[in-house]
Amino acid sequence: MEDRGHKLNGCCRDINIAVLGAKHVGKSAMIVRFLTGRFIGDYDSEMEAVFSTHVPIDGKQCTVNIMDTAGYVPDQELKEDLVMWADGFILVFSLTDTHSFQVVEELITELRKIREDERIPILVAANKSDLVHLRTVNSAEAETSVSDQGMFISASEEPESVKNAFLKLCKQIRCVSKKREKLSWTLQRPAVAAKLQIRQSLKNLAEKKLWRSRTSTF
Ligand SMILES: Nc1nc2c(ncn2[C@@H]2O[C@H](COP(=O)(O)OP(=O)(O)OP(=O)(O)O)[C@@H](O)[C@H]2O)c(=O)[nH]1
């Protein structure tokens, strides 16, 4: 069974993550770091591609599909199918590039606009923290400014911390999708559907009455 590009792998649904950010901030490098646990300089960063891996969540092996995207430029329209495909996002910026952090802020606004009814999990990753002498963004300030939007990591440090952040994001995604499934299952139950219908009819009736009482005074 598939929906919105998700495959059911045994009883664990695939998790789709899109990695977005400005050009050359290290999106591909970060994905490689997660998949291999190492920093590798020699890889094809131009290619837009989906990588798959398996992670253990709640005692089950889940397939995680990670989409590496082309560098985002301000005012660019986000591909809606990409935004709808993903269950969660990793937004990468470079601590050596102030503009790339502004891009992350813009991306958060755009993503929240497109997926306005959902609290989609977001991980903001500050990259290139090893280039201390070239740093133009204060990591603590950046973390504070996005703290109400999702998780934050300093991605160039311990490979383990990148891996843990990915896992945390995957767990958060699983938790959100479990809640969504439970809600849609509850809403489909006949007793709940009937109750909601009665509530809506009463609301319509009250609105009609209110409208009549207002118009009859003129
Ligand atoms: N010093 C340092 N260099 C990095 C780090 N991460 C990536 N780089 C370098 O930054 C450059 C850009 O990295 P990419 O992974 O290609 O960046 P990208 O965001 O995927 O690039 P585009 O796909 O072209 O937008 C490469 O030369 C990387 O080797 C890091 O943590 N530290």
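The values are calculated or read from the model by the stated rules, or taken from the named source; none is laboratory data. Note that this is a predicted model, so its numbers are computed, not measured. Using ideal geometry, Cβ is built from the backbone for each residue, glycine included, and neighbour counts are taken over all protein chains shown.
Assorted remarks:
- Test for GLY10: is it small (Gly, Ala, Ser), outside the structural domain of ILE90 (by TED's automatic domain parsing) and either touching a Ser or Thr at 6+ places or on another chain (Cβ under 8 Å) or modelled with pLDDT under 85 (or both): yes
- Checking the stated criteria, THR136 turns out not to satisfy the condition of being touching a helix residue (DSSP H, G or I) at 6+ places or on another chain (Cβ under 6 Å), crowded, with 17+ Cβ neighbours inside 10 Å and assigned by TED's automatic domain parsing to the domain that holds LYS23.
- Subset tally (residues that are farther than 24 Å from GLY88 by Cα and modelled with pLDDT of 90 or more) for segment 110-131: 1
- Residue in segment 67-74 that is out of contact with any Pro (no Cβ under 9 Å at 6 or more places or on another chain) and more than 16 Å from the ligand (Cβ to nearest atom) present: no
- Residue check for SER177: assigned by TED's automatic domain parsing to the domain that holds GLY88, out of contact with any helix residue (DSSP H, G or I) (no Cβ under 8 Å at 6 or more places or on another chain) and either over 18 Å from LEU20 (Cα atoms) or of a type in the set (A, V, I, L, M, F, W, C) (or both): yes
- Residue selected from segment 23-38 under the condition in contact with a helix residue (DSSP H, G or I) (Cβ under 6 Å, 6 or more places away or on another chain) and more than 7 Å from the ligand (Cβ to nearest atom), by the criterion modelled with the lowest pLDDT: GLY37
- All of (1) loosely packed, with under 14 Cβ neighbours inside 10 Å; (2) out of contact with any Cys (no Cβ under 9 Å at 6 or more places or on another chain); (3) at pLDDT 85 or above hold for PRO56 with one exception: (2).
- Residue tally, condition at negative phi, within 16 Å of the ligand (Cβ to nearest atom) and part of a loop (DSSP other than H, G, I, E, B), over segment 110-154: 6
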